[in-house]
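The values are calculated or read from the model by the stated rules, or taken from the named source; none is laboratory data. Treat the numbers as computed from the prediction; the structure is a model and nothing was measured. Note that we place each Cβ from the backbone using ideal geometry, even for glycine, and neighbour counts take in every protein chain shown. Heads up: the accessible areas ignore ligands, DNA and RNA and are worked out on the full protein's heavy atoms, side chains in. Shrake-Rupley method; radii C 1.70, N 1.55, O 1.52, S 1.80 Å.
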Amino acid sequence: QLLNHAGDLTSWLRICVSEFVEYLASAPENTSTNRPMIFAAGNHVGIYRDQNSGPAAQLDGALGELTPQVAHILGGSLRGGVRLRVGGDRAVVKLIQLPEGAHEVAHAVIRNKVESLAPWPLHEVLWGYHELQAPQDGQIGFEVAIISRKMVDGLLAPFRAAGIHITHLDISDYPG
């Protein structure tokens with residue numbers, strides 16, 4: 001009788017896990033868009049409680065020096081983590097065009113391009129890309145961003161010290 005209940009429990013667990021995976025698969029692709037964001041470009045820091053509203057505060061100065069103020073402004077919004085968006089002035093940002101049929105090999109081609117674009121050795125960089133909206137003239141565009149791991153570590157250190165948990169990092173010259 002105990003083995004029958006164990007089989008029922010296993011079956012129930014499979015159903016729960018399956019439904020959970022299905023739920024995650026149907027969730028919006030980018031669930032981080034409504035989390036608080038810190039936008040740092042040059043000596044300007046914008047603090048956003050979420051990306052759907054305007055800045056909660058705008059500060060001028062070095063990011064590391066402003067961290068205590070940022071923590072105070074975000075206050076209770078820190079529980080779920082914060083997105084850090086850095087401006088293109090701290091990274092290499094390039095547009096790469098590939099033929100429209102190159103989706104299958106795009107990642108490998110972009111990786112090779114990153115190796116030639118990065119001013120640092122490949123093992124010392126973080127990089128990513130996203131495909132631009134609509135193909136034009138038989139070409140697909142990818143925006144590629146490359147940033148030094150040392151720079152990222154330097155950016156994150158003051159936040160860690162202030163108790164701000166950065167969960168997402170991206171690069172853009174615009175806060176929106």
Give segment 81-102 a look and list any residue that's open to solvent by less than 90 Å² (accessible area, probe 1.4 Å), under 22 Å from the mean Cα position of the chain (by Cα) and under 23 Å from residue 134 (Cβ atoms), or say none. 88, 93, 96
How many residues, within segment 127-155, are open to solvent by 60 Å² or more (accessible area, probe 1.4 Å), within 18 Å of residue 172 (Cα to Cα) and touching a strand residue (DSSP E or B) at 6+ places or on another chain (Cβ under 7 Å)? 7
Yes or no: segment 45-55 includes at least one residue that is at pLDDT 85 or above and within 15 Å of residue 170 (Cβ to Cβ). yes
